[in-house]
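Working notes for the structure below.
The values are calculated or read from the model by the stated rules, or taken from the named source; none is laboratory data. These numbers were taken from a predicted model, which means no experiment stands behind them. Because the Cβ atoms are built from the backbone with ideal geometry, glycine has one as well, and the counts that use them run over all protein chains shown.
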Amino acid sequence: MMQSLKSRALARIAGAGLALVTGTMFAVSGAQAQTGPITIGFSQSLTGGLSPNGKQALLGMEIWKDNVNKAGGLLGRQVELKYYDDKSDPSEVPGIYTKLLDVDKVDLVVSGYASNQIAPAMPVVVRKGKAFVTLFGLDINDKFRYPKYFSIIPTGQDTKGSFTKGFFDIAAAQNPKPKTVALTFADAEFAQNACEGARSNAKKHGFNIVYDKAYPPPPKTTDFAPIVRAIKALEPDLVVACAYPLDSVGLVLAANEIGLKPKMFGGAMVGLQATFFKDKLKNKMNGIVNYETWVPDEKQMYKGTKAFFDEYQSKAKAAGVDPLGYYLGGWGYAQMQVLGDAIKSAKSVEDDKVVAALKNDKFETVMGPIKFGDKGEWAEGNMFTVQYVDIPADAGLDAWTGMKTQVVLEPSKLETGKVIYPYEKAIK
């Protein structure tokens, strides 16, 4: 009997001790959860056709992380970026986000660069109910209508039309007014959406579409001469291309080789904004009228803008990325600025609290002010239409620094010159 009582007493003591240890373990674990790093996960195109843009966006994101951590982190915690190379292949993206959320257990996710990589991430992100701040996705949320989606791209509410609005506005203002337009576009997410917007803009101004065909995106299409020859045979007044970097380069090279000379040429050609592709094309870009999302004009310098680009450019060579960072470097930094400021405003990394801050706040970034509107797009857009001019055949880095080789045509309040029309006059 006495032995039984002793056993029960020992058991109670052991149980109390176990409870105390367990409670302590939970307390320590909870403390670690609040003091450990905030992890932000994403895929990024670090190899493949999108990598020149993806890598400069990543450097911008890394600079933001380093600056935040030097200043003490967010909510008193350091920030870590967890990312994987999607190889510019959309099929890689769903598996990456599944791993980030199920295995790596990141606190928050953002997107890497480009529509074609954002769209396949959406089903995973939606299923997990995560906030999603994306980078340069064109009207991705039109299909999903996901209330936790926020887009870092200055298209405003007219998402699809914004890339070619300026092109068609300028064409319609010429005297005599051009009449016909050819549309060529990649059979891929971004290009399809941009070309849908181009059709609407053409219709608005009364242009007759004489060519409207898609091509399989690279690497399936590598020779763009047959496309350009087919367009040239129709003699359209305007030629609008909606393309990603490799096809943009292919189309420009083919147009120069074949002697395509419409009255205006350009539109929604991704790649011409990046130094890597500018160096490939040089004076072959002269005369093209194309979109830009930001230009290094003094009117576009905001709080921290110059300091960011000074830091980016000092690190670019060692990182092996675009030496200027005008296209994606600044936007990668701005993407993280927005998320970081939302975390600070929410005082939390809980997705719903961060989403509430993203919906309600206005964010001041190195690329300008951002306020989100319908579907997570910008309430007000800030897209540019530029013409590339006076580019020498031996152009080097100096040609792309500042505003030497581009003229802002729209918006009119930021205009730096007039269009050279027709296109043939600007070819040098």
(message) Quick check on region 371-396: of everything there that is of a type in the set (A, V, I, L, M, F, W, C) and in contact with an Asp or Glu (Cβ under 8 Å, 6 or more places away or on another chain), which residue is farthest from PHE308 (Cα to Cα)?
(response) ALA395
(message) Please go through (1) closer than 28 Å to GLN56 by Cβ; (2) not in a helix (DSSP H, G or I) for LEU246 and return the number of the only condition it doesn't satisfy.
(response) (2)
(request) Kindly state which strands (runs of 3 or more DSSP E) lie completely within region 364-428 and contain at least 3 residues that are crowded, with 19+ Cβ neighbours inside 10 Å and in contact (Cβ under 8 Å) with a residue 24 or more places away in the chain. (result) 384-388, 406-410
(message) Whether any residue in region 215-231 is touching a Phe, Trp or Tyr at 6+ places or on another chain (Cβ under 9 Å), within 21 Å of LYS165 (Cα to Cα) and hydrophobic (A, V, I, L, M, F, W, C) is what I want to check.
(response) no
(request) Select, from THR416, THR405, THR365, the only residue that is touching a Leu at 6+ places or on another chain (Cβ under 9 Å) and modelled with pLDDT of 95 or more. (result) THR416
(request) Would you point out which residue out of GLU62, GLU92, GLU80 is among the charged types (D, E, K, R), under 21 Å from TYR244 (Cα atoms) and either in contact with a helix residue (DSSP H, G or I) (Cβ under 7 Å, 6 or more places away or on another chain) or not in a loop (DSSP other than H, G, I, E, B) (or both)? (result) GLU92
(request) Spot the failing condition for SER348; the list is (1) touching a Leu at 6+ places or on another chain (Cβ under 8 Å); (2) part of a strand (DSSP E or B), and only one is missed. (result) (2)
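Let's see how each residue does on (1) surrounded by fewer than 19 Cβ atoms within 10 Å (Cβ to Cβ); (2) acidic (Asp, Glu); (3) within 26 Å of ALA119 (Cα to Cα); (4) more than 16 Å from the chain's Cα centre (by Cα):
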residue: ALA57; (1), (2), (3), (4): no, no, yes, no
residue: GLU62; (1), (2), (3), (4): yes, yes, yes, no
residue: GLY72; (1), (2), (3), (4): yes, no, no, yes
residue: SER91; (1), (2), (3), (4): yes, no, yes, yes
(message) For region 385-392, check the following and say yes or no: at least one residue is under 20 Å from the mean Cα position of the chain (by Cα), at pLDDT 95 or above and within 20 Å of GLU292 (Cα to Cα).
(response) yes
(message) Six or more apart or on different chains, Cβ atoms under 8 Å: show the pairs whose first residue is in region 101-119 and at positive phi and whose second is in a loop (DSSP other than H, G, I, E, B).
(response) ALA114/SER45; ALA114/LEU50; ALA114/PHE136; ALA114/GLY137; ALA114/TYR244
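Residue by residue, here is whether (1) hydrophobic (A, V, I, L, M, F, W, C); (2) closer than 24 Å to ALA57 by Cβ; (3) buried (at least 20 other Cβ atoms within 10 Å of the Cβ) holds:
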residue	(1), (2), (3)
SER88	no, yes, yes
LEU100	yes, yes, yes
SER115	no, yes, yes
LYS128	no, yes, no
THR155	no, yes, yes
GLY161	no, no, yes
ASP169	no, no, no
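Every residue, every condition in (1) in a loop (DSSP other than H, G, I, E, B); (2) more than 26 Å from the chain's Cα centre (by Cα); (3) surrounded by fewer than 22 Cβ atoms within 10 Å (Cβ to Cβ), yes or no:
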site: ASP223; (1), (2), (3): yes, yes, yes
site: VAL239; (1), (2), (3): no, no, no
site: LEU253; (1), (2), (3): no, no, yes
site: GLY271; (1), (2), (3): yes, no, no
(request) Taking the options GLN174, GLN192, name whichever one is surrounded by fewer than 20 Cβ atoms within 10 Å (Cβ to Cβ), in contact (Cβ under 8 Å) with a residue 60 or more places away in the chain and not assigned by TED's automatic domain parsing to the domain that holds PHE42. (result) GLN174
(request) Can you work out which of the residues in region 300-345 that are among the β-branched types (Val, Ile, Thr) and part of a helix (DSSP H, G or I) is farthest from the chain's Cα centre (by Cα)? (result) ILE343
(request) Could you tell me which of the residues ASP297, ASP187 is surrounded by fewer than 24 Cβ atoms within 10 Å (Cβ to Cβ) and touching a Pro at 6+ places or on another chain (Cβ under 8 Å)? (result) ASP187
(message) GLY41 - would you say it is surrounded by 19 or more Cβ atoms within 10 Å (Cβ to Cβ) and assigned by TED's automatic domain parsing to the domain that holds ASP104?
(response) yes
(request) Please work out which residue is surrounded by the most Cβ atoms within 10 Å (Cβ to Cβ), limiting yourself to region 300-320 and to residues that are small (Gly, Ala, Ser) and at negative phi. (result) ALA316
